[in-house]
Amino acid sequence: MAKVSARELAKFLNNHLNIYDYQDYGPNGLQIEGSSEISKIAFAVSAQRDSIEKAVEMGANAMIVHHGLFWKFHGVRTVTGSFAKRVKPLIKNDINLFGYHLPLDAHLEDGNAAGIAKRLGLKDLAPYGDHKGMPTGLQGRFERPLSPSELKDLLKNILNHDIIHSEPNDEKISSMGIITGGANSDWRYCVREGLDAYLTGEMSEHDWHESREEGIHFFAGGHNATERFGVLALKDLIEEKYGIECVFIDSPNPA
């Protein structure tokens, strides 16, 4: 049975995803220390009760997620109630928890935005967005311009999720910026970059109006739905590099 040490895996992922250049909303890398040797890894978008319980049932000794357990906006938290029901099974079962947030959104090869861009066939990929000096997504151009309805249907198929579209006109779309998840207001970088369209997971009411008035096609395809691609890419990467048994836990979440 193939194994990798938790220390080696952390070092590889931290460097591959360039976590040290990011000032994120929570810690990137190993969040809960478990077994020193890893032979089975569960991947999920979020470390929540359902995905953690499934990882335990599968006998995983590591989890790699996009949304970990610790966030600055929560402040200091006691390990009680529903939060305890997330933390305690990881510790009890000696499961390592790795979380990668903004670095996994923005990675040009294995990130969330990159996974969508590849499926859209975007070319000339480049960083997009800015959080304290670091990109949070990417941008690119379509080899063949698409009509708004054609792009909306394509996104619905890729994401397997209904699409909200703030449509300013019916002109064909040649370029797009992508930041997955909850980057509602970052469509504004499209104006600066001269892009036609923007994709993220969520859309605020005021951004629907303002993006239309600025002439930007704003597509929202679900927070969870847009953020499956990074952990899936890491799953493939780790399977190939280490030969470790890897499983993906796809928890239902329409938001």
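The values are calculated or read from the model by the stated rules, or taken from the named source; none is laboratory data. This one's a predicted model, so the numbers in the text were calculated from it and none came from an experiment. Cβ coordinates were reconstructed from backbone atoms using ideal geometry, including for glycine residues, and neighbour counts include every protein chain displayed.
For (1) under 24 Å from H107 (Cβ atoms); (2) crowded, with 24+ Cβ neighbours inside 10 Å, each residue gets a yes or a no:
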| site | (1), (2) |
| --- | --- |
| G177 | yes, yes |
| L195 | yes, no |
| W208 | no, no |
| G215 | no, no |
| G221 | yes, yes |
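Which residue, of A233, A255, is over 30 Å from A2 (Cα atoms) and small (G, A, S)?
Values: A233 fails: over 30 Å from A2 (Cα atoms).
Just one listed residue meets the conditions, A255.
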Any residue in segment 16-32 that is under 11 Å from F98 (Cα atoms), without any contact (Cβ under 8 Å) to a residue 24 or more places away in the chain, in the same structural domain as G75 (by TED's automatic domain parsing) and surrounded by 14 or more Cβ atoms within 10 Å (Cβ to Cβ)? no
Would you point out the residue of segment 41-69, among those that are small (G, A, S) and within 19 Å of V4 (Cα to Cα), that is farthest from the chain's Cα centre (by Cα)? G59
Residue satisfying all of: in segment 144-175; of a type in the set (D, E, K, R) and under 12 Å from A225 (Cβ atoms); surrounded by the fewest Cβ atoms within 10 Å (Cβ to Cβ) among these: D162
Name the helices (runs of 4 or more DSSP H) wholly within segment 10-127 that hold at least 1 residues that are over 30 Å from Q139 (Cα atoms), of a type in the set (S, T, Y) and out of contact with any Gly (no Cβ under 9 Å at 6 or more places or on another chain)? 49-58, 81-92
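Can you find even one residue in segment 202-218 that is farther than 23 Å from K123 by Cβ and in contact with a Leu (Cβ under 7 Å, 6 or more places away or on another chain)? Before the answer, list the steps.
Going through segment 202-218, the residues farther than 23 Å from K123 by Cβ turn out to be 202-214.
The next check asks that each one be in contact with a Leu (Cβ under 7 Å, 6 or more places away or on another chain); those that pass are none.
Scanning segment 202-218 turns up no residue that is farther than 23 Å from K123 by Cβ and in contact with a Leu (Cβ under 7 Å, 6 or more places away or on another chain).
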